[in-house]
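The structure appears below as structure tokens.
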Amino acid sequence: MTPLTSKVCVVGDFAVGKTSVVERFVTNQFSEKYLSTVGVKIDTKEIDFPALGLKHKLVIWDVAGAEEFGPREMAYLRGASGYIYVADGTRSATLKAVERLHSQISEAYGSIPCVLLVNKRDLKPDWEVSDERFDTLATNYDDAYRTSAKTGDDVDQAITRLAELIIDNDIRGA
Amino acid sequence: MNDLDQLKELLFGAEKQALDSISERVERREIRTADVADILPEAIHQSHQKDGELVESLTQPVGECVQQALRDEPETYADALYPVMGPAIRKSIMHALRNFSQQINEAVDNSISPKGLKWRWQASRAGIPFGEYVLQKTMRYRVEQAYLISRENGLLVDHVHHESSIIKDSDAVSAMFTAIQDFVKESFSPDRTGRLESADMGDFTLWAVHGPHALLVCVIRGVPPKSLRADLSAILERIHFRYGDAIREYKGDTSTIPDVEVELERCLQFEAREESGKARKGPPVPIVIFLLLLVSIAAFLGVRSWMYSQQQDKLDAALNATPGIYVTKIDRSGRNFAVRGLRDPLAMDVADVAESLDIPAERLSVSMQPFQSLQPEILAERAAQMFDKPESVDLSVSGTTLVVSGEAPSAWRQTLQSRFSNLAGIDRLDISGLQASDWQQFADRVASLNNRKFFFQSGVDLVEGDQDKLREFASELAKLLDDARDLEYPVSVTIRGSTDSIGDAGANAVLADRRATFAARVLASAGVDARILRQPELRAADGEPRADVSQRYVQIDLQPESLADLP
């Protein structure tokens with residue numbers, strides 16, 4: 001299989017579950033303990049695409065949570081092939097933060113494959129995002145998912161989908 | 001078309017077509033452009049070959065174009081020049097470093113430790129300067145891993161490592177290093193031009209070499225030499241030269257950059273090892289033997305040199321203590337000595353002095369100028385030679401006085417007394433210890449002739465036989481007195497006349513006087529100086545008067561004068 005490596009950045013507001021999502025995807029486990037991410041954390045995960053004859057390795061940059069990025073965080077994003085925007089479904093303000101980050105990144109680096117993860121789906125009673133709003137938001141991204149890092153719901157699917165989008169964009173589009 | 005036109009067509013149709021074609025070429029800008037473009041390279045070539053006018057014409061506009069382009073796109077030009085400028089700058093720096101290495105070489109040239117000697121030998125065999133070799137030997141390092149990372153996105157282009165190295169997820173390492181690099185640049189470099197070039201982690205050093213499109217990060221165990229950075233830069237430049245465009249466009253597909261691993265693996269060749277475990281236990285036996293041999297030879301040569309040096313000091317001291325020799329310099333060449341200085345011909349031979357110190361003549365080269373020494377021993381020797389000193393005499397010099405002792409003939413003493421002042425350095429003579437060796441013989445001669453009596457029959461007639469005896473005596477006495485005069489031993493002669501007791505005393509006194517005068521006359525006839533004669537004491541015979549023949553005589557006594565003054 002042909003190996004392919006891509007840089008993927010995970011961005012979002014504070015405590016939306018970015019690190020948990022990555023950890024769920026990478027190690028298939030979930031830590032209850034909240035991890036305050038400072039700066040950036042790097043993980044990798046390889047995804048097989050037998051149909052394409054491709055092994056796609058994602059180098060995932062888990063960037064510290066912020067409502068808006070400064071120069072240091074923007075530098076971390078340089079050269080990324082895809083973005084995972086993460087918001088907290090129980091805090092609608094985090095969706096606005098994601099929107100701001102999305103526009104900031106798009107302005108700086110152009111249109112790049114991205115998926116939106118509205119996380120903490122397991123906390124349904126506290127859910128603040130209506131289906132309508134979710135659908136409206138989803139149009140701004142290549143794809144959008146309601147995920148739970150705790151249960152693992154749709155985490156793999158969302159990130160695998162991003163990997164496919166990257167292949168389409170970088171390889172097929174190239 | 002009228003007839004005229006038809007006629008024109010018939011007559012000039014072909015020319016008209018050509019004119020139209022030319023007219024179209026002249027009027028249409030794109031055709032003119034194409035024509036000029038077609039001939040421009042050849043035209044430039046011909047013009048350049050013809051004279052220098054083209055260069056002169058183009059110098060200013062081309063220069064301005066380049067300046068404008070550099071101002072507008074400095075990075076593009078920097079990237080383009082990177083593979084060229086790097087080696088040129090490095091070559092210049094290497095030249096400077098080589099000079100520096102030469103200085104180190106001179107500085108450590110005096111190192112004579114066993115390790116230093118060993119390294120010197122090995123450096124000589126390897127054909128590299130000693131200083132450079134010392135630097136190599138004193139630095140222990142090894143490039144364990146090398147990462148080639150895209151500067152654009154932090155993706156790992158390739159990664160090589162030694163088999164023994166412990167490898168984590170190289171993609172994650174690559175990304176994390178890029179993140180740290182960004183973090184440092186954003187946090188600590190105000191103008192964001194700073195770069196993280198090295199980091200230390202215990203036994204490891206991380207070195208990053210930056211190119212326009214890629215970053216070469218090497219994990220090095222130990223302390224690398226500064227020159228390694230230049231080597232790594234050269235590798236990165238070569239990678240840029242071959243794969244620069246592919247790295248710039250790199251999106252994670254390694255197939256777009258084939259064989260870069262081969263280039264990258266050259267990084268792993270840089271290492272400076274410790275000696276092997278076997279060697280660490282001690283140097284090889286042949287080297288030990290060789291070193292021992294060297295030490296033994298050095299010790300032998302050292303001791304021998306010390307002994308010869310001692311011998312030289314002894315020779316110097318002995319020669320300077322020898323009267324009549326003045327040494328100005330003794331040179332030693334190995335076991336041989338060259339002596340230079342002054343030597344009195346009467347002094348001991350230099351070779352004899354050396355012989356007494358077990359230095360054979362064949363090891364000696366003597367160059368001595370003759371001179372007259374005033375040293376007492378030499379003065380005494382010179383006096384001995386000059387005056388043909390008898391063995392019974394001792395000569396010595398005290399200050400400027402020649403001291404003579406022992407026994408010597410009076411004649412020798414006289415010669416010495418008259419000529420000693422001719423001896424340079426002597427102005428006084430002390431002969432208080434010198435005795436005359438011929439005095440006794442003279443005294444014996446005097447004694448044998450002393451108190452001789454010659455008898456008379458009567459009057460002044462000698463008895464038969466004494467007349468001849470008196471004449472012989474006179475002859476012997478004359479000889480004795482001659483010798484006494486030569487020897488400066490004055491001798492007085494006394495003649496006493498005697499008579500028997502018969503007769504008148506007054507007449508006897510006259511007779512005694514006549515007999516003494518008679519004898520004196522005989523002596524004078526033999527040449528005995530009359531002045532030494534004395535009137536003898538008149539003497540009458542004592543006792544009873546009788547005619548005693550034995551009383552009728554003259555007695556001749558010899559008395560050396562100033563006998564007590566003689567030595």
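Read the figures in this text as sums done on the coordinates, not as results from a lab. Fair warning: this is a prediction, and the values are worked out from it, not measured in the lab. We place every Cβ from the backbone using ideal geometry, glycine too, and count neighbours over all the protein chains shown.
With all projection directions averaged, the alpha carbon convex hull of the protein assembly as shown covers 88.8 nm². The calculated Kirkwood hydrodynamic radius for the stretch B:3-72 is 16.0 Å, given to one decimal from all distinct C-alpha pairs.
Mean separation of Cα pairs under 8 Å and 6 or more residues apart, divided by the residue count, gives the stretch B:202-245 a relative contact order of 37 percent.
Qualifying GluC sites (Glu not before Pro) in the stretch B:442-501, where qualification requires a DSSP coil assignment and no more than 14 other C-beta atoms within 10 Å, comprise B:464, B:488. Binning the C-alpha pair distances of the stretch B:147-222 at 10 Å intervals from 0 yields a P(r) profile of 18, 54, 25, 3, 0 %, listed from the shortest bin outward. Excluding same-chain neighbours fewer than eight residues apart, the lysines reachable from residue B:226 by a Cα-Cα span under 26 Å are B:91, B:115, B:118, B:137, B:185. In the protein assembly as shown, with Lys and Arg counted as +1 and Asp and Glu as -1 at Cβ, which of these residues, B:39, B:555, B:69, has the Cα nearest the positive end of the dipole, that is, farthest along it? Among B:39, B:555, B:69, the one farthest towards the positive end of the dipole of the protein assembly as shown is B:555.
Ignoring lysines fewer than eight residues from residue B:168 along the same chain, the ones with Cα atoms less than 21 angstrom from its Cα are A:7, A:41, A:45, A:55, A:57. Computed over the stretch B:139-276, the convex hull of the alpha-carbon atoms projects to a mean area of 8.7 nm². The alpha carbon convex hull volume per residue for the stretch B:428-480 rounds to 112 Å³. The aspartates and glutamates within cross-link reach of residue B:16, meaning a Cα-to-Cα straight distance under 14 Å and a gap of 8 or more places when in the same chain, are B:5, B:24. Need one word for the stretch B:288-363: rounded, prolate or oblate. Basis is the Cα gyration tensor (sqrt eigenvalues a ≥ b ≥ c); a/c below 1.5 gives rounded, then a/b vs b/c decides. Here the stretch B:288-363 falls in the prolate category. With a 10 Å cut-off around each Cβ of A:49-59, the average count of Cβ atoms from other chains is 2. Taking the helices alone, the protein assembly as shown has a mean residue ellipticity at 222 nm of -15500 deg cm²/dmol, built from -39,500 (n - 2.57) per DSSP H run of at least 4 residues and averaged over all its residues.
Among bridges DSSP assigns within the protein assembly as shown, what percent are antiparallel (round to 5)? Around 65 percent of the beta bridges assigned by DSSP in the protein assembly as shown are antiparallel ones.
Here the Karplus relation 6.51 cos²θ - 1.76 cosθ + 1.60, evaluated at θ = phi - 60°, turns the backbone of the stretch B:257-269 into coupling constants of 10, x, 6, 5, 4, 4, 5, 5, 5, 4, 4, 6, 6 Hz, with x for every Gly and Pro.
Once the Kirkwood radius over Cα pairs is known for chain A, the Stokes-Einstein relation at 37 °C and 0.692 mPa s delivers a diffusion coefficient of 206 µm²/s.
The ratio of the alpha-carbon radius of gyration of chain B to the globular-protein estimate 2.2 N^0.38 Å is 2.67.
When only the Cβ of Lys, Arg, Asp and Glu is charged (+1, +1, -1, -1), the dipole of the stretch A:2-172 relative to its Cα centre reaches about 420 debye.
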